[in-house]
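What follows is calculated from the coordinates using simple rules that are stated; it is not laboratory data. Everything quoted here is computed from the prediction, not taken from an experiment. In this analysis, Cβ positions are derived from the backbone assuming ideal geometry, glycine residues included, and neighbour counts consider all displayed protein chains.
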Amino acid sequence: MHPKEERTYLMVKPDGVRKGLIGEIIKRIEQRDLKIVALEMFKPTYDQIDSHYPKDEAWVKRLGSKTLNTYNKYGFDPMTEVGTSDEMEIGKKVRGWLLDYMTSAPLVKMIIQGIHAVDVVRKIVGPTMPATAEMGTVRGDFSIDSPVLANKEKRAVMNLVHASETPEEALHEIEYWFGKTSAVCEYKRFGVDE
Ligand code: ATP
Ligand code: MG
């Protein structure tokens, strides 16, 4: 594969759409000389989002233990908050909050192509938790959400965007959301491809 052909998958999440940030997010991707090669707004079904996020024990447990840590750190009793202190049980609940959040408004999905597309897009987006994300990143510039508030309110952290974490995850997510014969549009970007 040519270095300019690396691809990644990005979704503007419900809060990104409802805050009117679709254009801002696309602008930041394009100004970095990355090329959008597929783009669509759509309403996901619950099942589509359910299959998008991993279901394996390790992933669900990790979600649960992060939330348990947040409760411990800020002095909330998990039994009072969610009725259990079991990592797996809490993980399942958080995963449910995530599915509710992701199906609460339309999403915008896109395929982005360019040099180190996966890593550069993650950099543009910033780390998972907006309250600790650096300014200059999408999450650090347009949100202050934090697990201390989200977990207290029994909802997922709202962080504006999803972006694939690895090239393997990107391949899988592109195929999952756009299909094998994907709607990729070939064109030459001025200053990038010629
Ligand atoms: P994404 O996969 O959506 O790009 P990410 O890779 O930065 O985000 P993950 O750890 O994969 O983060 O978690 C998936 C999503 O679950 C997060 O984007 C966030 O919306 C939500 N989330 C993650 N950790 C927590 C938590 N401790 N409490 C509530 N919601 C969480
Ligand atoms: Mg992730």
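Summary table below
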item: Above-threshold pairs, the threshold being 22 Å between Cα atoms, out of Lys61/Lys180; Lys19/Lys66; Lys35/Lys55; Lys92/Lys154; result: Lys61/Lys180; Lys19/Lys66; Lys35/Lys55
item: Convex hull of Cα atoms in the chain, direction-averaged projection (nm²); result: 11.2 nm²
item: Cα shape, the stretch 117-194, gyration tensor, a/c 1.5 rule; result: oblate
item: Vicinal HN-Hα couplings computed from phi for the stretch 22-30 (Karplus, 6.51 cos²θ - 1.76 cosθ + 1.60; Hz; Gly/Pro x); result: 4, x, 4, 5, 4, 4, 5, 6, 5
item: Proxy reagent accessibility, fewest Cβ within 10 Å first, across Glu194, Glu89; result: Glu194, Glu89
item: Candidate aspartates and glutamates - alpha carbon under 20 Å from Lys152, same-chain residues fewer than 8 apart omitted; result: Asp15, Asp77, Glu81, Asp86, Glu87, Glu89, Asp100
item: Net lengthening on full extension, Glu168/Tyr53 (0.36 nm per residue, minus Cα-Cα); result: 39.9 nm
item: Whole-Hz couplings from phi, Karplus 6.51/-1.76/1.60, listed for the stretch 112-128; x for Gly and Pro; result: 10, 10, x, 4, 6, 3, 4, 5, 5, 5, 4, 5, 4, 6, x, x, 3
